[in-house]
Amino acid sequence: MFIIRYDSTSTVYTVHHYSASLQRIITAHHYSESLQYIITAHHYNTSLQRIIIAHHYSTWIVSGRYAHLFSKGILVMLIYLVRHGETEWNKAHRLQGRSDIKLNEKGRELALITGKAFEDRSLDVIFSSPLIRAYETASLIRGHRDTSIVCDDRIKEICFGDYEGKETEELMKDGSGRLQAFFGETEKYDPPDGGESIDELRARTQSFLDDKILACENIYDNVMIVAHGACNCSIRLNMLKLPNDQFWKGAYQHNCCVSTIELKNGKYTMQDECRTYYDVCDS
């Protein structure tokens, strides 16, 4: 980690860590009014977001009008990654992909139970796939809060092309070996006509993480992402920098399961994986 030090005499030589606009910052005596804008992530590259370490700064800064910017030390974002509630196609073991299938009654019930578990937790924003099963899940979890739900096409489910709507049992017998590879050796998966590859899925979910999560590390404390089984696996792999052969190696994703990930200094750490707030045996 690179530490910024402010005192009354020193010059900060940190050109290679900052954007050009922050080369050779001359310290404390120049910043009585303007310091508040120095501590903003859009001035820094992502590696310096949220480097707010109070004991490294002068007493004048910590005790003064900007103390609230430093009081928490290195700040942490918590990300709640949620799979949508149950649909009739889930029950029938049919591939949904981009098909826009709504929640069934049980799916809505599971989302409400999950929302109840989160009713005392603050959420700064909820990012949702625009597909109705995810958006409805996000809305039910949000409940009566005024938290914004922001839809993003990059966290839609993987596209299965010609396979969408077909039962997995039928596809396992089609002789192509595609579905066996998808669920067993994902690194070898060859998508059907009109379908999306694992690398394509990972590219768009990484773009989402870069734009909506990493770039907002210094803005949000608690973020929820409501998406889909394969999409969430892709997000997990990207966060933890894992290869494609680890695609399904995490805990099983029941409907409305929640994984908790910590983001600190640009690094993701899995804290709790695929927790459900209902009895899976009864579902």
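Worth a mention:
- Here's the picture: charge each Lys and Arg Cβ at +1 and each Asp and Glu Cβ at -1 in region 77-282, and of Thr137, Asn218, Gly229 the one pushed furthest to the positive end of that dipole is Asn218.
- J(HN,Hα) series, region 176-185, from Karplus relation 6.51 cos²θ - 1.76 cosθ + 1.60, nearest Hz, glycine and proline x: 7, x, 5, 5, 4, 5, 4, 8, x, 10
- Remark: for residue pairs Lys156/Lys212; Lys116/Lys264; Lys166/Lys188; Lys212/Lys267; Lys106/Lys267, the C-alpha separation exceeds 24 Å in Lys116/Lys264; Lys106/Lys267.
- All-pairs Cα distance distribution in region 192-274, expressed in whole percent, bin size 10 Å: 16, 51, 29, 4, 0
- Note on region 80-216: semi-axes of the ellipsoid equivalent to its C-alpha gyration tensor, largest first and rounded to whole Å, are 29, 19, 11.
- Annotation: amide H of Ile225 within the under-5 Å range of Tyr80, Leu81, Val82, Phe127, sequence separation 5 or more or interchain, hydrogens built in the peptide plane.
- Restricting the trypsin sites (Lys or Arg not before Pro) of region 114-175 to loop positions (DSSP other than H, G, I, E, B) with no more than 15 neighbouring Cβ atoms within 10 Å leaves Arg121, Arg145, Lys173.
- Sparse-neighbour loop sites [GluC sites (Glu not before Pro); region 89-120; at most 13 other C-beta within 10 Å; DSSP]: Glu119
- Among the trypsin sites (Lys or Arg not before Pro) in region 209-283, those located in a DSSP loop and surrounded by at most 16 other Cβ atoms within 10 Å of their own Cβ are Lys241, Lys249.
- The order of Trp89, Trp248, going from fewest to most other C-beta atoms within 10 Å of their C-beta, is Trp248, Trp89.
- HN-Hα J in Hz across region 196-203 - Karplus 6.51, -1.76, 1.60, θ = phi - 60°, x for Gly and Pro: 10, 7, 5, 5, 5, 4, 5, 5
Read-outs: derived from the displayed coordinates by stated rules, not from any lab. No experiment lies behind these values; they were computed from the predicted model shown. As a convention, Cβ positions derive from the backbone with ideal geometry for all residues, glycine included, and neighbour counts pool all protein chains shown.
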